[in-house]
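Below is one structure, written out as structure tokens; the observations come after it.
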Amino acid sequence: MPEFLTPALPYITAAFLIPFLPQGWLRNIFMAAAPLAGIAIFWGLMPGQYNAFNVMGMQIGLMRIDALSTLFGLAFSFAACIIALYAWRVQDTIQQVAALLYAGAAIGAVFATDIITLFVFWEGTAIASVFLIWARRTEGSFASGMRYLIVQVGSGVILLAGIVLHYRETGSIAFTAMELGSPATWIMLTAIGIKCAFPLLHNWMHDAYPSATITGTVILSVFTTKLAVYALLRGFPGTELLIYVGVVMALFPILFALLENDLRRLLTYSLNSQLGFMVVGAGIGTPLAISGAAAHAVASIFYQGLLFMCVSAVLYRTGTARATALGGLYRTMPLTTLFCLVGGASIAAFPFFSGFVSKSLILSATGEEQYFYVWLALLLASAGAFLHSGLRLPYLAFFGANSSLRPKEAPPGMLIAMALTALLCVGIGLYPAALYDLLPYELTYEPYTTAHIITQVQLLAFVALGFALMVKRDLLAPPQRGILLDFDWTYRRLAPAILRLLSHVIGGTWHFGVRLTERRVANLLSGIYRAHGPLGPLARTWPTGSMVLWIAVLLGMTLVLTYI
Amino acid sequence: MTGLTSKRAGRWATWFLILCCAALTALDFTLHKHGAFALEDGRIFYGWFGLLGSVALVIVARLVAPFLRRNEDYYAPHATASEEHPESDLGREKADA
């Protein structure tokens, strides 16, 4: 096997080739075939490390095959293939190349054996994906993309700093489980935390995702954050801090998702909340929790992707994703509505949908380890997920207020992609063994017990009843045009204001000091001038006679003193 | 107004949900639960937790909303919130009447 062979290679090759192909079906087939070629490279290989080589005494490896990398590799590949179908109508070479390189980099990172390779692909995802935002070609998207790029490349640079420290400490660059403690591990966790959208490090996501192109948002929703979840599961399983980080992450975005007017931004908050579940799973670190987090990441790639696809299809046909402008679209977009409901049921963990079989693994793991408050918080986040993504989102877009919009159903490419994703959501729900068999640990978990089904349906039915009653009584926050301030306000408004104030104070002090010094120096100079200037006493001309007189006086005094 | 966006449809949906919840409450009494926590085994725990939880989330969201909401052009022109999506990326088409 050649040393440079990695599942990322077909994507990179295709990205270099497609600009030379004519736009149309040939190019699209290349886009859809690259992920399949990627799967062919790693599928069926025995677990182990392949294609390792030595660089400056360091063991670099492009392919590590084990259950975790295969699972994420498969999910990413299927997602990339489906997205190629979704983006069938896109005729923008920049977006096509960026999508391929982005997906390729994410898959390359998943199979990386060492942290140097991880870093290279990590930065690759950042640089490739920003073009999906810039491809919108507006002033706002350019600014948004710049902020995204700074944060993402920053995450990579921080990771590199951690890697260097880690190498100095341990002499190893192998990407294996690490114990949080040394500065190196803290730095690496921070880098991963930025990409995973940890609380207070999360704003890049809500800023950038809704600013991308129609297909760009869908692609972005799949890779970056799930790659970070993979890195957490691989690098920091069982780190207790992650449990609490995950709880905040699962709960905090719900409030924003319940208020947000831009439906694409609503979904990024929803995605952020779902990532919280996975981070909790990584933090608990038991085989059940790790498997649960991995399973939930895979399920979430598809159901969250499906929801993004539905909203993007609405945006494609109507030109807006603002809830205030939408409503009643089910009449003319019935299939998109149906797929959105499937995505909503999956995120809400309805029995027989994917979220049910994955989320319950994490909840059971919190139960097994007796984290009562964590379990309670995740249950609330679960109810919240149904509320904002399963009920509020379809209600605002497809039912609810009857807007005058009568858009045509989404184009065939989009519908096929949505149908396939919906099938995967239902398929995983109906036949969980297919997913469970791919998980890193063998499970004896049975999601479909009578008690589990009934209690879950009970939770969801009462949430739905609460929603219906709140809608009836106008208690549900009605959508309003506007944005919601988030933590990014601190660096987009507060920090610049503080800097302006500081610059004002420092500038004022400086000017005052300069003025004061100038005055002092001027006084000094004028004093010297007074003494030494042309009219000063020290510059006066003295007659020669007076000098002779004084010398005579001095000599006389010397004579007198000599004789005394 | 007709169809699923009408008030009548809303009323039907609410009544349907009330019926579902009643049925699930009845079913709850037939269950032998072995939850990880004692609270879980309480009668219709998931029901009241879901109802109260969702109402509480909405109330908290509504309470914080006035502090967070700003005009769409708050960050303009360095953000996309107040921009319209560029037409070149859209495929607007109306449904056939």
Mind listing whichever residues of segment B:54-63 are at the interface with another protein chain (Cβ under 7 Å from one of its Cβ atoms) and either in contact (Cβ under 8 Å) with a residue 60 or more places away in the chain or surrounded by fewer than 15 Cβ atoms within 10 Å (Cβ to Cβ) (or both)? B:Val60
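Filter segment A:176-201 for residues that are within 21 Å of the chain's Cα centre (by Cα) and not in a helix (DSSP H, G or I) and give the result. Explain how you work it out, then say what you get.
Step one: filter segment A:176-201 for residues within 21 Å of the chain's Cα centre (by Cα), giving A:185-201.
Within segment A:176-201, A:Cys196, A:Ala197, A:Phe198, A:Pro199, A:Leu200, A:Leu201 meet the criteria.
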For A:Ala365, are the conditions met, namely being crowded, with 23+ Cβ neighbours inside 10 Å and in contact (Cβ under 8 Å) with a residue 60 or more places away in the chain? yes
Can you confirm whether segment A:215-237 contains a residue that is closer than 30 Å to A:Gly482 by Cα, touching a His at 6+ places or on another chain (Cβ under 7 Å), within 14 Å of another protein chain (Cβ to nearest Cβ) and among the β-branched types (Val, Ile, Thr)? no
In segment A:373-402, the residues that are modelled with pLDDT under 95 and surrounded by fewer than 18 Cβ atoms within 10 Å (Cβ to Cβ): A:Ala401, A:Asn402
Determine which single condition B:Asp41 fails, assuming it passes every other condition in (1) among the acidic types (Asp, Glu); (2) more than 30 Å from A:Gln95 (Cβ to Cβ); (3) at the interface with chain A (Cβ under 7 Å from one of its Cβ atoms). (3)
Could you tell me whether segment A:215-236 includes any residue that is of a type in the set (Phe, Trp, Tyr), touching a helix residue (DSSP H, G or I) at 6+ places or on another chain (Cβ under 8 Å), more than 27 Å from A:Pro440 (Cα to Cα) and in a helix (DSSP H, G or I)? no
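Here's the yes/no breakdown for (1) more than 20 Å from A:Leu201 (Cα to Cα); (2) surrounded by 23 or more Cβ atoms within 10 Å (Cβ to Cβ); (3) touching a residue at least 60 places away in the same chain (Cβ under 8 Å):
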position	(1), (2), (3)
A:Gly104	yes, yes, yes
A:Thr113	yes, yes, yes
A:Thr125	no, yes, yes
A:Ala135	yes, yes, yes
A:Glu139	yes, no, no
Can you confirm whether B:Tyr74 is within 7 Å of chain A (Cβ to nearest Cβ), out of contact with any Lys or Arg (no Cβ under 8 Å at 6 or more places or on another chain) and outside any loop (DSSP other than H, G, I, E, B)? no
Selected residue [part of a loop (DSSP other than H, G, I, E, B), at the interface with chain A (Cβ under 7 Å from one of its Cβ atoms) and surrounded by 14 or more Cβ atoms within 10 Å (Cβ to Cβ)] from B:Leu31, B:Leu51, B:Leu4: B:Leu31
In segment A:388-433, the residues that are more than 29 Å from the chain's Cα centre (by Cα) and among the aliphatic types (A, V, I, L, M): A:Ala401, A:Leu405, A:Leu430, A:Ala433
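Quick one: which of A:Leu459, A:Leu465, A:Leu476, A:Leu484 is buried (at least 19 other Cβ atoms within 10 Å of the Cβ), touching an Asp or Glu at 6+ places or on another chain (Cβ under 8 Å) and within 14 Å of chain B (Cβ to nearest Cβ)? Write out each step before concluding.
Working: A:Leu459 fails: touching an Asp or Glu at 6+ places or on another chain (Cβ under 8 Å); A:Leu465 fails: touching an Asp or Glu at 6+ places or on another chain (Cβ under 8 Å); A:Leu476 fails: touching an Asp or Glu at 6+ places or on another chain (Cβ under 8 Å).
Result of the check over A:Leu459, A:Leu465, A:Leu476, A:Leu484: A:Leu484.
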A:Arg168 passes all but one of the listed conditions (1) closer than 18 Å to A:Phe223 by Cα; (2) away from chain B (no Cβ under 14 Å); the exception is number (1)
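Across segment A:365-381, what is the total count of residues that are among the charged types (D, E, K, R) and outside any helix (DSSP H, G or I)? Steps first, please.
Taking segment A:365-381 and keeping what is among the charged types (D, E, K, R), we get A:368-369.
Next cut, outside any helix (DSSP H, G or I) only: A:369.
Count: 1.
Select, from A:Thr138, A:Thr117, A:Thr93, the only residue that is under 30 Å from A:Gly48 (Cα atoms) and of a type in the set (S, T, N, Q).
A:Thr117
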Count of segment A:318-338 residues which are assigned to a helix (DSSP H, G or I) and buried (at least 22 other Cβ atoms within 10 Å of the Cβ): 4
Just give me the residues in segment A:316-342 being in contact with an Asp or Glu (Cβ under 9 Å, 6 or more places away or on another chain), in contact (Cβ under 8 Å) with a residue 60 or more places away in the chain and of a type outside the set (Lys, Arg), in sequence order. A:Tyr316, A:Ala321, A:Ala323, A:Thr332, A:Met333, A:Pro334, A:Leu335, A:Thr336
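What's the total number of residues in segment A:351-362 that are assigned to a loop (DSSP other than H, G, I, E, B) and either among the polar types (S, T, N, Q) or surrounded by fewer than 22 Cβ atoms within 10 Å (Cβ to Cβ) (or both)? Before the answer, list the steps.
Quick first cut of segment A:351-362, residues assigned to a loop (DSSP other than H, G, I, E, B) only: A:351-353.
Still in the list and also either among the polar types (S, T, N, Q) or surrounded by fewer than 22 Cβ atoms within 10 Å (Cβ to Cβ) (or both): A:351-352.
Total satisfying the criteria: 2.
One line per residue, one yes/no per condition, for (1) within 16 Å of A:Leu267 (Cβ to Cβ); (2) touching a helix residue (DSSP H, G or I) at 6+ places or on another chain (Cβ under 8 Å); (3) of a type in the set (A, V, I, L, M); (4) assigned to a loop (DSSP other than H, G, I, E, B):
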site: A:Leu288; (1), (2), (3), (4): no, yes, yes, no
site: A:Ser291; (1), (2), (3), (4): no, yes, no, no
site: A:Ala294; (1), (2), (3), (4): no, yes, yes, no
site: A:Leu306; (1), (2), (3), (4): yes, yes, yes, no
site: A:Tyr316; (1), (2), (3), (4): yes, yes, no, no
site: A:Cys340; (1), (2), (3), (4): yes, yes, no, no
When you go through (1) assigned to a helix (DSSP H, G or I); (2) in contact with a strand residue (DSSP E or B) (Cβ under 7 Å, 6 or more places away or on another chain) one by one for A:Gln480, which number turns out not to apply? (1)
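The values are calculated or read from the model by the stated rules, or taken from the named source; none is laboratory data. All values derive from a computational prediction rather than experimental measurement. Cβ: placed from backbone, ideal geometry, glycine included. Neighbour counts: every protein chain shown.
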